[in-house]
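J.: Here it is, the structure, as structure tokens.
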Amino acid sequence: QGYRERGHRVLVVAPVFPEMPVDEPDTVRIPAIQNFNGSDFSAVLSVPGRLDEALDAFAPDLIHAHHPFLIGSTAMRVATERDCPLVFTHHTRYEAYTHYVPGDSPMLKRFVTELSTHYANSCDAVFAPSQSIAEMLTERGVETPIAVVPTGIDAAAFSAGDGRRFRREQGIPETAPVVGHVGRLAEEKNLDYLGQALVQALRDDKHAHCLIVGDGPMGEALDAAFARASLSGRLHRP
């Protein structure tokens, strides 16, 4: 959307998922297995021939990959075949996600780390969403130029929020400090550590409340952590 607002034309290639928007201009959806191995992710299947037809009509000047595996290999193939620069956003520590794959092991984590590093070094430029990810990539041996580009948030989409009404609905005092987390409640988000930190924050500040927005398999573990600390009354999960 940001590119389009600046006058660029963008073709999005992404997996299918339930309840997709009906009208998606300049978008090609690839068949995918939903909720792969119990996760929230889609595992793409073989890319249909119509992608090549769409690319022929679109004539890209640049290919931007958002994943080193799965559809990332398609991005690299397309960039090579069409002699386009390939840029890659290294979104996260991919080795933290191997628990979704049968046979998870330290060896698999090393393989995933080496593969994502090799992918980054095969690109013309790499975007990192934070300085810590950029430093991690450098430590791992990525020599491709790296730029830190934080993931964009459409602030206007939240400008009409009514904080006071939300506090009333959730039973949060108007002046109480609020700490929390927004995102999937999954193992790779290091939520055990987050839960301990949030519990300690509420112990340190007797007026603070915790707000957790999101859902996932770790939700019950977070609830239990607050219950053990007798802090359930100050935990809010709308």
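The values are calculated or read from the model by the stated rules, or taken from the named source; none is laboratory data. Since the model is a prediction, treat every value here as computed from it, not as a measurement. Cβ placement follows ideal geometry from the backbone for every residue including glycine, while neighbour counts extend to all protein chains displayed. Each accessible area value is taken on the protein alone, full model and side chains, heavy atoms only, with ligands, DNA and RNA left out. Shrake-Rupley method; radii C 1.70, N 1.55, O 1.52, S 1.80 Å.
J.: Evaluate the following for residue 172: is it assigned to a loop (DSSP other than H, G, I, E, B) and open to solvent by 70 Å² or more (accessible area, probe 1.4 Å)?
T.: Values: assigned to a loop (DSSP other than H, G, I, E, B): yes; open to solvent by 70 Å² or more (accessible area, probe 1.4 Å): no.
So residue 172 fails the test.
J.: Going by the conditions given, is residue 150 surrounded by 10 or more Cβ atoms within 10 Å (Cβ to Cβ), at pLDDT 95 or above and assigned to a loop (DSSP other than H, G, I, E, B)? Steps first, answer last, please.
T.: Numbers: surrounded by 10 or more Cβ atoms within 10 Å (Cβ to Cβ): yes; at pLDDT 95 or above: no; assigned to a loop (DSSP other than H, G, I, E, B): yes.
Taking the combined requirement at face value, the residue does not satisfy it.
J.: For the structure I just gave you, tell me whether residue 185 is in contact (Cβ under 8 Å) with a residue 24 or more places away in the chain, under 30 Å from residue 206 (Cβ atoms) and surrounded by 14 or more Cβ atoms within 10 Å (Cβ to Cβ).
T.: Working: in contact (Cβ under 8 Å) with a residue 24 or more places away in the chain: yes; under 30 Å from residue 206 (Cβ atoms): yes; surrounded by 14 or more Cβ atoms within 10 Å (Cβ to Cβ): yes.
The answer is yes for residue 185.
J.: Of all residues in the stretch 176-189, which are at pLDDT below 95 and more than 23 Å from the chain's Cα centre (by Cα)?
T.: Within the stretch 176-189, no residue meets the criteria.
J.: Sticking with this structure for a sec: For the stretch 131-147: of the residues being of a type in the set (Asp, Glu) and surrounded by 10 or more Cβ atoms within 10 Å (Cβ to Cβ), which is nearest to residue 75 (Cα to Cα)? Give the steps one after another, and end with the answer.
T.: Filtering the stretch 131-147 down to residues of a type in the set (Asp, Glu) leaves 135, 139, 143.
If we keep only those that are surrounded by 10 or more Cβ atoms within 10 Å (Cβ to Cβ) as well, we get 135, 143.
Details: 135: 25, 143: 20 Å.
The extreme case among them is 143.
J.: May I pose another question? Inside the stretch 105-144, can you point out the residues that are β-branched (Val, Ile, Thr) and in a helix (DSSP H, G or I)?
T.: Across the stretch 105-144, the qualifying residues are 112, 113, 117, 133, 138.
J.: For the stretch 118-130, what are the residues that are surrounded by fewer than 20 Cβ atoms within 10 Å (Cβ to Cβ) and over 16 Å from the mean Cα position of the chain (by Cα)? Please lay out each step first, then the result.
T.: So the first thing to find is which residues in the stretch 118-130 are surrounded by fewer than 20 Cβ atoms within 10 Å (Cβ to Cβ), and the list is 118, 121-122, 124-125, 129-130.
Hits for the stretch 118-130 are 118, 121, 122, 124, 125.
J.: Further question: Would you please name the residue that is farthest from residue 168 (Cα to Cα), looking only at residues in the stretch 183-238 that are among the basic types (Lys, Arg) and not in a helix (DSSP H, G or I)?
T.: So the first thing to find is which residues in the stretch 183-238 are among the basic types (Lys, Arg), and the list is 184, 189, 203, 206, 228, 234, 237.
Filter once more, so that each one left must be not in a helix (DSSP H, G or I): 184, 206, 237.
Working: 184: 25, 206: 19, 237: 14 Å.
Out of the qualifying residues, it is 184.
J.: So residue 113 ticks every box in (1) open to solvent by less than 90 Å² (accessible area, probe 1.4 Å); (2) among the hydroxyl-bearing types (Ser, Thr, Tyr); (3) under 27 Å from residue 236 (Cβ atoms) but one. Which box is left unticked?
T.: The failed condition is (3).
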